[in-house]
Structures are given as C-alpha cells and as structure tokens.
Amino acid sequence: MASVLNVKESKAFERTVVVAGLPVGLFNDLSLTTLVKRHFQDTKNEGGVVENVIYPTRTKGVAYVTFKEKKVAENVIRKKHCLAEKVGPIQLTVSHFSEKVLISVNAILDLSVFRGPFSLESLVRDLKKKIPSLRFSPLEQNGRISVHGSFLAIKNLKETLLFKASSLLEKNRSCISEGEKRSRQSPRRSLPRSNNSLESPRSSVPETARRGETARCGETLVLETDVFLYLKKNGFYESTLKKFHVLCQERVEGEITTICIKNARDGLRPNNEKLVKEYLEKYSHALHFELRKETFDLEGKEKRERGNIRLACEQLSLRYHQKLLVNFYKTHIDIIGPSSDVYSFKKELMKLIRQTGR
C-alpha cells in the first residue's frame, strides 16, 4: 500500500535522475538505453523498476532515468555506479534531475588585440592555469581560440581578460602622461617617431574595455544568454530597470550577453546602477541553478517530421507560456525553464509527435 501511495504522490521529476558519463560511440543508442535500464533495475545497484529512459539527449553521454518509486531514485544517487561491460568498467555520475542546468557554453575569443604586449601562447597557458575547468582549442594564427566550459567559468575568463585590458590601458595612460610631462620640462626637440614604435594605446585594448573607460556606461554585467532571455520573459528585467530609472544597452555575443547599465537621466544617484547590477546578478545566479534547456534538433530530419515537431512545440508553448521560454530557430528549437516543466514539456511533446506521425 505504501509503495502504491509513493508512486501516486511523487511527481515524475522527483523520481528522475540524470546519468552522465555514458560511453558515447561504443554502443548505438538502443543498446546503450538497454544497458542503462538493466543496470538501474538491478537491486545490487540499489535499483528498482524503471519506468522510462530518455536517451539520447542534447548533452552527449547523458540520459534521464525515471523510476516507479521516488525512494529508488534517492537510493541510486547515494551509490557509486559503474557499468561493467566487455570494454571495461565505466564510471557513471548520477544526480537529481533538477541539479544539472545549463551545463556548458561555447565562446570564441579574439586574442589578437593582446598581441604585442603579450605572447598569445603564454597568455593562453596562463588562462589554462587560472581556470583549469575550461577547455581551449588550439590557438589559430589570427589569434582566435574556442573555449568550452560552464557559464560561470566563461564569465570568469571574460572578467580576467577585461582586467588585463584595463591594466594595459592604465599603463599606457601613465606612459603618455609621463612622456608629456618630460617634454614640457625639457627644452629638447622631440625625436621623430621610429617606424617600429608602439601603436597608439587604443589599438591594443579590446573594444569592450574602451567603452568601459568612459562615463557612458555606469556598470557592466555579463550574463549567460539563455538566462538573460528568460529574465526578460518573466518580467523581472524590465520591472527592475523601471523601478530604478536606468537604461540598459545589451550586446549578445552568442551564448554570452553583456549589459551596460546607465541612469536614464542625469542627476540620479550612481548607486542606482550598482543596485540594478546586484539585483540582476543575484537573480540570474539563482536562475542558473534552477533552469534547464532542451534543444530539439531539426537538421537531418524530413520535412514532414520537422513540421510535426514545430507544430507540436507551438501547441504546447501556448499551454506553458507562463513557465517556459520556447525559441524557434531554423535548425533547432530551444526549451528553457524549470527542470520539472521542461521534463513535462518534452514528455508531452514526444507523445504529440507519435500521435501526429501515425
């Protein structure tokens, strides 16, 4: 009787765990799904009856496993899991479904602006040491490099580079001021500039840092783009700007959004800009750990299948419009919101697609 009540009263997301570290490439999707289900139904692994296994997902090597009982989901999280197959033991990471959100982002950096003051290879080595959780691609000759990691790590990287740029700017300003002072004090005529002299300090500083040196931008805030879009959708963003009478200039650079915060009119306290930054930063940080994103890839699918997926998403988005942000693109559809709602959306979507496909 207790078991029956447990099933009825527990929501699906409470009985679901996230399984990461699956051996991508060693098995096909069907075989891997069967292996995962068999592993988590084994009582030796603290398992129990598995209702559903969702695989593949938008994140490589990650599956969602839903048990019949909430207690089983709680038990498997406490135990270390290892798939014992012919290829050897494979360590798995098991966590609550609501734990893993907006896992990682990609960013492309142009480090060419630092060429001259720094050796770019040395700069990249220093960044790897400072933020070891990030993965860097090989540095290209034009100074571009691709970086992959958590949003917080990417944010830390951007702040580190902006600090280096600001330091360069201050150093160049000091050099110019000292040079002007000496030239005023000395009666000697200035020597003509050499062809290999240093460039103007502006050319060696990124555009973002140059904008930051003026009073046009009171405070600068860096957010993950998906979190920023969700902030705008739920009204918190606009209401905060209105409350403190500030304006924001937003620059979206792929998965990173930079916001410049400035008072709407002169005479307002500069503290307003700082308060808005703190409010948005605090709320977005909380969202970062609450939200989940699912991406439905449309590339490679037949025209009819793409149409069915879009139609189903449009129908469901009307029902979930207060809880979820649904973004339609040519190649994919993004669903962003609380993990339980995203899970329910995906479950209903699969059901609708099966019905329309008959």
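Values in this text are rule-based calculations from the coordinates and carry no lab data. This structure is a prediction, so every number in the text was calculated from the model and none was measured. So basically every Cβ, Gly included, is an ideal-geometry build from the backbone, and we count neighbours across all protein chains shown.
Overview of values
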{"quantity": "Flagged links, alpha-carbon separation over 31 Å, of Lys130/Lys293; Lys130/Lys323; Lys233/Lys346", "calculated": "Lys130/Lys323"}
{"quantity": "Label point distance in nm, Thr34-Asn106, each placed 7 Å from Cα along Cα→Cβ", "calculated": "3.3 nm"}
{"quantity": "Where a label projected 7 Å from the Cα of Ser95 along Cα→Cβ would reach, residues of region 318-358 with amide N under 18 Å", "calculated": "337-343"}
{"quantity": "Placed amide H near His81: partners under 5 Å, 5+ positions off or other chain", "calculated": "Leu92"}
{"quantity": "Stokes-Einstein D (µm²/s) once Rh is taken as the Kirkwood radius of region 242-358 over alpha-carbon pairs, at 10 °C in 1.306 mPa s", "calculated": "94 µm²/s"}
{"quantity": "Other-chain or far-sequence residues with amide H under 5 Å of Glu253's (modelled H)", "calculated": "Thr258"}
{"quantity": "Net length gained if the chain between Cys82 and Tyr283 were fully extended (0.36 nm per residue, minus Cα distance)", "calculated": "68.7 nm"}
{"quantity": "Listed peptides 74-82, 276-284, 24-32 by packing density, highest first (mean Cβ within 10 Å)", "calculated": "276-284, 74-82, 24-32"}
{"quantity": "Under-5 Å amide H pairs with Asn52, H placed in peptide plane, nonlocal only", "calculated": "Thr66"}
{"quantity": "Region 303-343 - Rg over Rh from alpha carbon coordinates, Kirkwood radius", "calculated": "0.98"}
{"quantity": "Overall form of region 14-58 per C-alpha gyration tensor (a/c, 1.5; a/b vs b/c)", "calculated": "prolate"}
{"quantity": "FRET efficiency, Thr331 to Arg265 (Cβ-Cβ, R0 41 Å, nearest 0.05)", "calculated": "0.45"}
{"quantity": "Whole-Hz ³J(HN,Hα) from phi, Karplus 6.51 cos²θ - 1.76 cosθ + 1.60, for region 235-245, glycine and proline x", "calculated": "x, 5, 4, 5, 5, 5, 4, 5, 4, 9, 6"}
